[in-house]
Amino acid sequence: MMKRNLRIVIALFMFSSLYLACMRNDSFKKYEQLVKSELASGKRVDSIFWGIHFGMTGKEFFAHCWEMNKKGLFTDGESNTAVLYRLDHKELNYPASMNFYPDINNNKITKMGGKI
């Protein structure tokens with residue numbers, strides 16, 4: 001019984017020490033202050049690339065991709081399940097291709113997946 005109580009006291013002491021050490025960390029405090037000031041600024045940065053942005057509806061995304069396709073910038077991607085962008089428009093020293101497609105939740109882009 002005594003050993004069990006001692007283990008509990010030691011565990012509580014270690015947990016308390018770890019918790020206090022994390023809460024006193026200046027980096028964490030600076031991070032919290034930065035988050036508060038950025039949220040209070042009212043700025044919203046939701047642009048992803050090529051006119052696509054977070055919060056864009058699925059319909060807006062498809063219409064935008066269709067317009068980019070007509071301009072010759074986008075085309076059908078991998079197995080017709082992605083959008084293909086060929087990075088040969090002076091972005092890189094050598095040609096490359098990027099397939100991308102967003103996750104759309106509640107009819108809004110919430111995440112963009114892609115691979116080169």
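For region 24-52, filtering for residues that are more than 30 Å from M98 (Cα to Cα) and either at pLDDT below 75 or hydrophobic (A, V, I, L, M, F, W, C) (or both) leaves 9. Across region 35-87, the qualifying residues are those that are assigned to a helix (DSSP H, G or I) and among the aliphatic types (A, V, I, L, M), and the one among them that is surrounded by the most Cβ atoms within 10 Å (Cβ to Cβ) is M68.
Just a yes or no: is a residue in region 2-23 modelled with pLDDT of 85 or more, farther than 30 Å from F61 by Cβ and surrounded by fewer than 10 Cβ atoms within 10 Å (Cβ to Cβ)? The answer is no; no qualifying residue exists. Would you please name the residue that is nearest to W50 (Cα to Cα), looking only at residues in region 88-100 that are of a type in the set (D, E, K, R) and surrounded by 11 or more Cβ atoms within 10 Å (Cβ to Cβ)? By that ranking, first place goes to E91. Scan region 101-116 for residues that are among the aliphatic types (A, V, I, L, M) and within 9 Å of F54 (Cα to Cα) and report the count. Qualifying residue count for the region: 2.
The values are calculated or read from the model by the stated rules, or taken from the named source; none is laboratory data. Since this is a predicted model, take the numbers as computed values, not measurements. Methodologically, a virtual Cβ is constructed for each residue, glycine included, from the backbone with ideal geometry; neighbour enumeration extends over all protein chains shown.
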